[in-house]
1. Given an 8 Å cut-off on Cα distances and at least 6 residues of separation, report the relative contact order of the chain as a percent.
2. Where the eigenvalues come from the Cα gyration tensor of the range 13-123, what are the semi-axes √(5λ) of the equivalent ellipsoid, largest first, in whole Å?
3. Could you run the Karplus curve 6.51 cos²θ - 1.76 cosθ + 1.60 with θ = phi - 60° over the range 305-311 and give me ³J(HN,Hα) per residue in whole Hz, x for Gly and Pro?
4. Semi-axes of the equivalent ellipsoid of the range 324-391: what are they in whole Å, largest first, if each equals the square root of 5 times a C-alpha gyration tensor eigenvalue?
5. Peptides 106-113, 70-77, 391-398, 298-305: what's the order by average Cβ count within 10 Å, highest mean first?
6. Which one of Thr320, Cys169, Val344 has its Cα pushed farthest toward the positive end of the charge dipole of the chain, where Lys and Arg give +1 and Asp and Glu give -1 at the Cβ?
7. Classify the range 360-405: rounded, prolate or oblate, from the alpha-carbon gyration tensor (a ≥ b ≥ c, eigenvalue square roots; a/c under 1.5 rounded; otherwise prolate if a/b is larger than b/c)?
8. Full extension from Glu193 to Ile16: what is 0.36 nm times the residue separation minus their Cα-Cα distance, to one decimal in nm?
Amino acid sequence: MKTVVLKFGGTSVGSIDRIKKVSNIILGYKKKKNKVIVVSSAMSGVTNDLIKKSKLISNQFNEAEYDVLVSTGEQAACALIAGRLSHLGLNSRSWMSWQIPIITDGPYKSSRIDKIATKELLKYINSGGIPIITGFQGINIHSRLTTIGRSGSDASAIMLAKFLKADECIIYTDVEGVFTTDPRLHKKAKKIERIEYDEMLEMSSLGSKVMQPTSVQDAKLNNIDIRVKSSFINKPGTLITKSFKKKDFSDQIITGISSTKNDAKITIAGVKDKPGVAAHIFEPLSKNLINVDMVVQNISLNGKETDLTFTIKTEDIKKTEKIIRENKNITYKKISFDKDLAKVSIIGVGMITTPGITYRMFKALASEKINIMVISTSEIKISVLISSKLVKKAITVLHKEFKLD
């Protein structure tokens, strides 16, 4: 018998009607003689509502209690699914993360799964039972509930697939799979049949919301294939897997285009050009959980001063400005902020061996008079910072330039 892990996202279990349809999908796998493990997110909107409640209580809500609070959404969804499966005549029950247990390590709100006890779970599965397991959460060594970041149910499913040695891990969501770009921004976006871990990891971290980046990383490290498909329509979806030979590599240089919004650019001009200055700037930002993305340092012509530019999220501007202005470890002449910016990235393993990709990208953007403010590159991606008003135009021209239309 084949063992499959099925994960259902918030929109897939977003209503009683959707839960009934999801239960029919699970029933279909069981009828094919599979051993089935189900991981569920909270019903759509529930987690956001709980977070709002925590903010009404306190703007510095206790992090341990925050994890207890937001983890209740998955508990409700799992009970409803198990109840429906029981109604359909199947042997099913809900399992809270602490009942298994799923052991996590790291801080509240962003823990990582360390190990999963499988003895009782396997005993139940081998007896024909269908466990419905709360995603997004675990328990730490202090017996406190923890959560593993937004969209963490993906990671729960992948790690369960690892520890249970499952044959398949299928992520059910509200889209047909992974697309070449966001279909809402470009109507000619195409579904990708297969994508490599590294490409998916870049797309996830650069704005694609189909998969959580740490989940893709877990899948890569443990060599677990993931299939992303829709719970609304019965189509094959997208397979996320290890490196493979593409049919026509010449037309597959770029696999996809991702974008982010609400980015801001910070420039600190006239910074002393000496060792340790960058560390003095970024250390307090890190301690205050401000995520720094693109970083550019101009070459110092006089050997004494330089300009440092980096990007953050718009909502962190005020906090970042306060931290920099109060930082006694650095001196500078001027600090400036630009907001309403966005990052657009092209991703593809094909660019490793194909010259001219940077030129083609910049030429295509120039043809639409799109100004580039900051550039960041890796072996398989090129990211540019542009005005957020021009994102749709940028995606359209790049999608066409790299034959993704």
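1. Values: 842 pairs, mean separation 54.3, N = 405.
This gives 13 percent for the chain.
2. Semi-axes, largest first: 29, 19, 9 Å.
3. Using θ = phi - 60°, the values come out as 10, 8, 10, 10, 10, 8, 10 Hz.
4. On the way: eigenvalues 179, 57, 19 Å².
So the three semi-axes of the range 324-391 are 30, 17, 10 Å.
5. 70-77, 391-398, 106-113, 298-305
6. So the residue furthest toward the plus end is Cys169.
7. Working: a/c = 1.65, a/b = 1.03, b/c = 1.60.
Oblate.
8. 60.6 nm
The values are calculated or read from the model by the stated rules, or taken from the named source; none is laboratory data. All values reported here derive from a predicted model rather than from experimental measurement. All Cβ positions, even for glycine, are placed from backbone atoms using ideal geometry, and neighbour counts span all protein chains on display. These area figures cover heavy atoms from the full protein model, side chains too; ligands, DNA and RNA do not enter into them. Shrake-Rupley method; radii C 1.70, N 1.55, O 1.52, S 1.80 Å.
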